[in-house]
1. Starting from residues that are in contact with a strand residue (DSSP E or B) (Cβ under 9 Å, 6 or more places away or on another chain) and charged (D, E, K, R), keep the ones in region 107-141 and report whichever is farthest from residue 55 (Cα to Cα).
2. What pairs can you find where one residue is in region 201-212 and farther than 15 Å from residue 132 by Cβ, the other is open to solvent by 40 Å² or more (accessible area, probe 1.4 Å) and not acidic (Asp, Glu), and their Cβ atoms are less than 6 Å apart, with a gap of 6+ or different chains?
3. Among the residues in region 179-191, are any touching a residue at least 40 places away in the same chain (Cβ under 8 Å), among the aromatic types (Phe, Trp, Tyr), in a loop (DSSP other than H, G, I, E, B) and open to solvent by 10 Å² or more (accessible area, probe 1.4 Å)?
4. When only residues in region 76-94 that are touching a Gly at 6+ places or on another chain (Cβ under 7 Å) and either in a strand (DSSP E or B) or modelled with pLDDT under 95 (or both) count, which is surrounded by the fewest Cβ atoms within 10 Å (Cβ to Cβ)?
5. Every residue in region 1-15 that is of a type in the set (A, V, I, L, M, F, W, C) and either in a loop (DSSP other than H, G, I, E, B) or within 8 Å of residue 29 (Cβ to Cβ) (or both), please.
6. I'm trying to understand the selection: among the residues of region 19-46, which are in a strand (DSSP E or B) and surrounded by fewer than 16 Cβ atoms within 10 Å (Cβ to Cβ)?
7. Restricted to region 108-123, and to residues that are surrounded by fewer than 24 Cβ atoms within 10 Å (Cβ to Cβ) and within 10 Å of the chain's Cα centre (by Cα), which residue is nearest to residue 141 (Cα to Cα)?
8. Going by the conditions given, is residue 145 in contact with a Cys (Cβ under 9 Å, 6 or more places away or on another chain) and modelled with pLDDT of 95 or more?
Amino acid sequence: FLLVAKSPYLVTRPLIIDKGATLSIQAGFVIRFKAGDNSLVVREGAIQAFGTAARPITMTSANSSPRPGDYTSAIRFEGSGQQPSVLKHIRIEYAATALYVKEGNPEISHAFIARNLQSALECVGKSAPKISYSTLTEHPNNAAVICSGRAQPTLYRNNIVKNAWGVINHSSLPLEARENWWGAAQPDEALFLGAVEYKPFLKQPEPDAVGK
């Protein structure tokens, strides 16, 4: 259990969550990642991270002058024996890819994910994460969401803005992205590469999504 009284926590090497363990993170906790190949890695376990609007959980670079790509990922979901993971009211910045999901179906809501080198969310394999009421922004080098394999993420009621692309889907399955705000009342079709179901879309920002 990561208690806010012991915050911030410095990650200097990959932290593996395995053998049925659950990492619980208290509201207001700050996790800083040293530069390099560092992540929280979920294999045979789960993360339960319940921040609040007033006290979000923050995952960011440990550098005094942080830059996108300072560390690999905040969280990597890799194992086939995962338990249900929930991330609520979290902020993730300055990773290469904020959330990498190879296995499992974590639920992410009310997140602010910004200024990562490549993307906010990358889904591969048969993963099926759900992300809702969140803001994914400022990924100028790639898409907010990237998918491949047979990944089937669900995006719902998010504000997905100021990215090079909204979604790039290399998956063999359509990506469910209806009812999101893409930065304009009529989003540019160039924001979507591959099979992306984005209609109908929101015509104004989602007020319950986390902003800056």
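The values are calculated or read from the model by the stated rules, or taken from the named source; none is laboratory data. Predicted model only: the values in this text are computed from it and were never measured. Counting neighbours? That spans all protein chains shown, and the Cβs are built from the backbone with ideal geometry, glycine included. Remember, those area values only see protein heavy atoms, side chains included, never the ligands or the DNA or RNA. Shrake-Rupley method; radii C 1.70, N 1.55, O 1.52, S 1.80 Å.
1. The extreme case among them is 122.
2. 203/185
3. If we filter region 179-191 for residues that are touching a residue at least 40 places away in the same chain (Cβ under 8 Å), which is where we start, we get none.
The answer is no; no qualifying residue exists.
4. Checking each candidate, the answer is 83.
5. Here is the first cut: in region 1-15, the ones of a type in the set (A, V, I, L, M, F, W, C) are 1-5, 10-11, 15.
Passing the criteria: 1, 2, 3, 4.
6. Narrowing region 19-46 to residues in a strand (DSSP E or B): 22-25, 30-33, 36, 40-42, 46.
Passing the criteria: 22, 24, 36.
7. If we filter region 108-123 for residues that are surrounded by fewer than 24 Cβ atoms within 10 Å (Cβ to Cβ), which is where we start, we get 109-110, 112, 114-115, 117-118.
Filter once more, keeping what is within 10 Å of the chain's Cα centre (by Cα): 109, 112, 114.
Working: 109: 24, 112: 18, 114: 12 Å.
Step by step, filter region 108-123, then rank; the result is 114.
8. Numbers: in contact with a Cys (Cβ under 9 Å, 6 or more places away or on another chain): yes; modelled with pLDDT of 95 or more: yes.
Taking the combined requirement at face value, the residue satisfies it.
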